[in-house]
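Input: a single structure, listed below in structure tokens.
The values are calculated or read from the model by the stated rules, or taken from the named source; none is laboratory data. In this text the structure is predicted, and so the values were computed from the model without any measurement. Cβ placement follows ideal geometry from the backbone for every residue including glycine, while neighbour counts extend to all protein chains displayed.
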Amino acid sequence: MPDAGSVSFERLAGVYDATRGGLARGRGLAADLAPFVAGTRLLEIGVGTGAVAAPLEAATGCRLVGIDLSPAMLAVAARRLGPAVAVADAERLPVATGAVDTAVMVWVLQLVARVAGVLGEAARALRPGGRLAVVLAAPAGPPDEIDRIVRPMYLALLPPEGRRYRPELVVELARAAGLRLVHRGLTTPQHYGESPDEEADRLERRTAAILLDLSPEAFAAVVAPVVAELRALPRPGEARPRRAVHELLVFERELSAPGAGLP
């Protein structure tokens, strides 16, 4: 079972790709991750629907194993990756110590109960010199017109650990786990169009996992004002140019990670 506070996408499997860019966005992120893959034993922590994993396999020629909390998300991933997926908690990976050459996490850390625990478990799974590539979910760069309205709401609703996470904190916690930062950069910007009404519609449909269990009272207090503000923008049905870019952090496991031992 997941630790209290971790977020699962179980009830969003049917709409996840359609609301997150699907394989088109996955191919872009896979292209950013592929140059940092070392070795042939790949693991994606929080594989979701396999939208990043499938193109990452194609780009590297390596087979990938994926874990996720959500059986429904993994059912989609299995159609793309075959049987190499399993339901598991990121703090209890079903792999032997030192068995992984490269692990990747895309838009995961803001959703877990304990960032330090997840990073420590990733370090345990990696071989000495193995790599962990992390794409953070928070948009990088200045907020656009829609972000300025929506971003504070999402930040307030994140689990307590996710609420304070930022690149510097991830680097600090990774270092404590025996993971040395070897690259910090940004993903390739992906450009798309979206209207305030489209964003408001998604909020009302609760297509974000952290909205699913909000009580009607909490939804009315926290989300409804954001929806109203979006719809009050000039020409709310007109698509705005938007840009998705995220922090990319790449770590290498030290020869002896704390608590990890050697394979």
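For the subset of the stretch 91-135 comprising residues that are of a type in the set (A, V, I, L, M) and modelled with pLDDT under 95, which member is surrounded by the most Cβ atoms within 10 Å (Cβ to Cβ)? Give the derivation first.
Step one: filter the stretch 91-135 for residues of a type in the set (A, V, I, L, M), giving 93, 95-96, 99-100, 103-106, 108-109, 111-113, 115-116, 118-119, 122-123, 125-126, 132-135.
When the remaining residues are screened for being modelled with pLDDT under 95, the result is 108-109, 111-113, 115-116.
Numbers: Val108: 24, Leu109: 25, Leu111: 23, Val112: 27, Ala113: 19, Val115: 21, Ala116: 17.
In this case the residue turns out to be Val112.
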Odd one out for Leu33, checked against (1) crowded, with 22+ Cβ neighbours inside 10 Å; (2) touching an Asp or Glu at 6+ places or on another chain (Cβ under 8 Å): (2)
Odd one out for Thr207 among (1) within 30 Å of Arg253 (Cβ to Cβ); (2) part of a loop (DSSP other than H, G, I, E, B): (1)
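If only one of His183, His191 is part of a strand (DSSP E or B), surrounded by fewer than 13 Cβ atoms within 10 Å (Cβ to Cβ) and at negative phi, which one is it?
On the way: His183 fails: surrounded by fewer than 13 Cβ atoms within 10 Å (Cβ to Cβ).
Among His183, His191, only His191 is part of a strand (DSSP E or B), surrounded by fewer than 13 Cβ atoms within 10 Å (Cβ to Cβ) and at negative phi.
Suppose we keep only residues that are acidic (Asp, Glu) and at pLDDT below 95 within the stretch 1-50. Which one would you say is nearest to Leu111 (Cα to Cα)? Before the answer, list the steps.
The initial filter retains those residues of the stretch 1-50 that are acidic (Asp, Glu), namely 3, 10, 17, 32, 44.
Subsequent filtering for residues that are at pLDDT below 95 retains 3, 10, 17.
On the way: Asp3: 11, Glu10: 13, Asp17: 18 Å.
Filtering first and then ranking leaves Asp3.
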Test: residue in the stretch 37-56 that is out of contact with any Cys (no Cβ under 6 Å at 6 or more places or on another chain), over 16 Å from Ala122 (Cβ atoms) and among the acidic types (Asp, Glu): no
Filtered residue count, the stretch 52-67, keeping only those that are modelled with pLDDT of 95 or more and of a type in the set (D, E, K, R): 1
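Within the stretch 136-146, take every residue that is under 18 Å from Glu168 (Cβ atoms) and among the aliphatic types (A, V, I, L, M) and give me the one that is surrounded by the most Cβ atoms within 10 Å (Cβ to Cβ).
Let us first name the residues in the stretch 136-146 that are under 18 Å from Glu168 (Cβ atoms), namely 136-141.
Filter once more, so that each one left must be among the aliphatic types (A, V, I, L, M): 136-138, 140.
Numbers: Leu136: 21, Ala137: 16, Ala138: 17, Ala140: 16.
The qualifying residue surrounded by the most Cβ atoms within 10 Å (Cβ to Cβ) is Leu136.
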